[in-house]
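Working notes, structure below.
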Amino acid sequence: STPKPPRHLLSIADLTPTELKSLISNAFTHKVFIKAGKTPPSLKDALLSKTIGLTFSKRSTRTRISTEGAVVAMGGHPMFLGKEDIQLGVNESLRDTSIVMSSMMSAIVARVGPHSDVAGLAEYSSVPVINALSDLYHPLQTLADFLTLVEAFPNRVSGGGKKLGLEGLKIAWVGDSNNVLFDLAIGAAKLGVDVAVAAPKGYGIPESMLNTIKTAASSAPHAGTLTETNDPHEAIKDADILVTDTWISMGQEEESKKRLKAFAGYQITNEMAKKGGAKEGWKFMHCLPRHQDEVNDEVFYGPRSLVFPEAENRLWAAISALEGFVVNKGKIQ
Ligand code: CP
Ligand code: NVA
């Protein structure tokens, strides 16, 4: 009989609400215990080959460091293959690359342009494929972001265990509707976190993605709501957390001028938060890399900013995801 196809992590949409909570909660537990001296979960028993391939067609600081570091911490061998190193995309098809990589590796972590590239790798791979950013999704970022929120709002944690206590939190996303937002919104829907998006006209969430987010909400026992507006102040009203990302994602450099113009007035500042009526204890998140356009220094480096713990949490999220998808072969608990 043919072997069972592996489970991949291409988007947060691939996870049930319970599995999502488990990955976040496991990331939290690993962070606390590994920092206290406990050994990380081991890839060794799960691996046919110790090698995990990291194939990146775009630049990366956090995603590369966290996934490569997680593989090392877990006893595997990370093999980084930048786009100049590998035949993929120049001399060789996705299909052939995927079959060959997965025959000698235990997982593939892939950063791509079009989402169809990572989906194509997954289609032909005999080992788990983990999306390290595509134009549609950034699941590892979302896991780290919710871990950051669990830590930032600890008094909301009720009952311990897998209860994260994030229900009823409100995220205001001010800026571009992009890959980071899409997985965040899918995760929020599943976790009962409300999201209000403020984007200029023409930069809202595409219809097909709205449907994906709606489907995510329908899978949740207590779904978070999603609202959209063109007015940052409206989105910010009663928000616990303000989030943004660059206005110019990798691959959109040619649109820079047009985008800077379209997003004028969307820079997150303390004045904007005050005028919009954010909650008194509001916090700020950004996946990084950051430019001053979308948030000023006062907020970015200020006491409300969670951006550096959020970046560090990428490591704990990567460990949790590798444990779930590689060590435990997609049986996430
Ligand atoms: N947040 C994030 O994915 O950053 P990098 O592009 O540096 O990996
Ligand atoms: N939206 C950004 C995120 C980078 C981590 C991009 O796609 O470039």
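Every number here is computed from the coordinates shown, using simple stated rules; none is lab data. Just so it is clear, the structure is predicted and the values come from calculations on it, not from any experiment. Don't worry about glycine lacking a Cβ; one is built from the backbone with ideal geometry, like all the others, and counts go over all protein chains shown.
Amide H contacts of A132: A110, R111, V112, each under 5 Å away and 5 or more positions distant or on a separate chain (H built 1.01 Å from N in the peptide plane; Pro and chain starts excluded). Excluding same-chain neighbours fewer than eight residues apart, the lysines reachable from K4 by a Cα-Cα span under 16 Å are K329, K331. Per-residue Karplus couplings for region 57-72, computed as 6.51 cos²θ - 1.76 cosθ + 1.60 with θ equal to phi - 60°, are listed in order as 9, 9, 4, 6, 9, 5, 5, 5, 4, 6, 6, 5, x, 5, 4, 4 Hz, Gly and Pro entered as x. According to the calculation over all Cα-Cα pairs in region 141-311, the P(r) per 5 Å bin from zero is 2, 9, 18, 23, 22, 15, 7, 3, 1, 0 %.
Rounded to the nearest whole Å³, what is the per residue volume of the convex hull around the Cα atoms of region 263-329?
121 Å³
Run the numbers on the chain and let me know its relative contact order in percent, using alpha-carbon pairs under 8 Å that are six or more apart. Relative contact order for the chain comes out at 22 percent. Dipole check for region 141-296: with +1 at the C-beta of Lys and Arg, -1 at the C-beta of Asp and Glu, and the Cα centre as origin, the magnitude is about 260 Debye.
Less than 15 Å Cβ to Cβ from K83, Lys/Arg counted +1 and Asp/Glu -1: what total charge do the surrounding residues give?
Numbers: positive: K58, R59, R64, R111; negative: E84, D85, E92, D117.
Every neighbour counted, the sum reads 0.
Given +1 at the Cβ of Lys and Arg, -1 at the Cβ of Asp and Glu and no other charges, the dipole of region 10-153 around its Cα centre is 520 debye to the nearest 20. Label-to-label distance for E84 and E234 is 4.7 nm, based on points extended 7 Å past Cα in the beta-carbon direction.
The convex hull drawn around the Cα atoms of the chain, when projected onto a plane and averaged over every direction, covers 16.9 nm². Distances between placed amide hydrogens fall under 5 Å for D176 paired with D245, all partners being 5 or more residues away or on another chain. Dipole of the chain computed with +1 at Lys/Arg Cβ and -1 at Asp/Glu Cβ about the Cα centre; of L306, V150, L184, farthest Cα towards the positive end is V150.
Converting phi to 3J(HN,Hα) with the Karplus coefficients 6.51, -1.76 and 1.60 and the offset θ = phi - 60°, region 222-235 yields 9, 7, x, 9, 10, 10, 10, 8, 9, 10, x, 5, 5, 5 Hz in sequence order, with x at every glycine or proline. Note: relative contact order over region 141-311, using C-alpha pairs below 8 Å and six or more positions apart, is 23 percent. Extending 7 Å from Cα along the Cβ direction at S49 and again at K163 yields two label points whose distance is 4.6 nm. Treating r as the C-beta distance of Q252 and N91 and R0 as 22 Å, the FRET efficiency rounds to 0.25.
Taking the longest Cα principal axis of the chain as reference, the axis of helix 179-191 is set at about 90 degrees. Label-to-label distance, T227 versus Q292, with points set 7 angstrom from Cα along the beta-carbon direction: 3.3 nm. Ordering of 89-102, 186-199 by packing is 186-199, 89-102, highest average first (other Cβ atoms within 10 Å, averaged per residue). What the Cβ-Cβ distance of N270 and Q333 gives, at R0 = 56 Å and to the nearest 0.05, is a FRET efficiency of 0.85. Treating cross-link reach as a plain straight distance, find the lysines whose alpha-carbon is under 16 Å from the alpha-carbon of K31, omitting any fewer than eight places away in the same chain. Straight-line reach from K31, under 16 Å: K21, K162. Cut-off under 21 Å on the C-alpha distance; same-chain residues fewer than 8 positions from K261 excluded. Which lysines are left, in chain and number order? Excluding near neighbours in sequence, the set is K201.
Could you tell me which of the pairs K163/K283; K170/K190; K258/K283; K83/K257 are separated by over 25 angstrom between their Cα atoms in the structure shown?
The answer is K258/K283; K83/K257.
Residue-wise HN-Hα couplings along region 313-326, as the Karplus relation 6.51 cos²θ - 1.76 cosθ + 1.60 with θ = phi - 60° gives them from phi, are 5, 4, 5, 5, 5, 5, 4, 5, 5, 5, 4, x, 8, 9 Hz; Gly and Pro carry x.
When you restrict to C-alpha pairs under 8 Å that are six or more residues apart and normalise by the size of region 1-112, the relative contact order lands at 31 percent.
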